[in-house]
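All remarks here apply to the structure that follows.
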Amino acid sequence: MLGLPSPLDLVNVAVYGGPSKELNWLVSIFAGVLMCITVYKLTGVVSLLFFKGYNKLNNAQKLEWKNRGFSTFHALFVAVASLYLLLVSDLFDEGSQDELVINRTSILSDTILGISIGYFLSDMAMILWQFPALGGMEFVLHHALSMFSIMQSLVSGQGLIYILMVLFSESTTPFVNLRWYLDVAGQKTSNLYVYNGVALFLGWLVLSNKPQILLLFFSPS
């Protein structure tokens, strides 16, 4: 009876004998789109079960409610992944590779960028489909420039560290979305609304200085 391959075997196949980079990008982008569709549907189901006011929302509000669901999920995913690659992994450690820091990439980083492209494609499709209910041309331009920047980094293999810094700034998105959720739910006077606003302000304050903060971790020991 044939045994299942170990995780180490899968890693070796991916690194040494697996599909090309281009195929990995396409699979990752598709995974990002699939992630958005899945979370979009789950947000509707979970909200219907656990939030009594969900049924009182109109169709436009329900659509944006679910849209912000996968927006929040993507933001949390890329923020954690970016923080891991920047500070926990040895990808950008001094002396860990001969390559310059600006030229370093990995299979994991390429996968994360591909998933993020899948998210931006999905969100842009929804924005254009419901235009301008989910956002105007500024959102379309933002998403187009984001995808262009990420694809440039993927194709050239350069600038990953800067792209990850930008993606980490997505960590404020859950607070923005929670503010909208509380507003729609009629909770603008709640303590949670106030605390969330303070957290959002502090998050923006910290992230406005993120290059200086992150550079502290890359300084030579």
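We did not get these values from a lab; they are worked out from the coordinates using the rules stated. Quantities reported herein were computed from a predicted structural model and do not represent experimental measurements. No Cβ is skipped: glycine too gets one built from the backbone with ideal geometry, and neighbour counts run over all protein chains shown.
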Can you tell me which of Leu85, Leu202, Leu121 moves the most in a GNM of the chain? Springs connect C-alpha atoms under 10 Å apart. Leu202
Measuring from the longest principal axis of the C-alpha atoms of the chain, the long axis of helix 191-207 (C-alpha) lies at a number of degrees, nearest 10, equal to 30
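Order of Asp123, Asp98, Asp93 from fewest to most other C-beta atoms within 10 Å?
Starting with the residue having the fewest Cβ neighbours, the order is Asp98, Asp93, Asp123.
Please sort 143-153, 158-168 by packing, taking for each peptide the average over its residues of neighbouring beta carbons within 10 angstrom, highest first.
Final packing ranking: 158-168, 143-153.
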GNM on the chain, C-alpha springs below 10 Å: top fluctuator among Leu23, Leu83, Leu134? Leu23
Among 192-198, 25-31, 47-53, what's the highest-first ranking by average C-beta atoms within 10 angstrom per residue? 25-31, 192-198, 47-53
Within straight-line cross-link reach of Lys66, lysines at Cα separation under 27 Å, skipping those fewer than 8 residues along the same chain: Lys41, Lys52, Lys56, Lys188
Give the Rg (one decimal place) followed by the Dmax (whole number) of segment 21-92, computed from C-alpha coordinates and expressed in Å. 16.0, 49
Ratio of alpha-carbon Rg to the 2.2 N^0.38 Å globular estimate for segment 69-108, to two decimals, please. 1.41
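Using only the alpha carbon atoms of the chain, find the Kirkwood hydrodynamic radius as the inverse mean reciprocal pair distance, in angstroms to one decimal.
Details: mean 1/r = 0.0517 Å⁻¹.
For the chain, the Kirkwood estimate is 19.4 Å.
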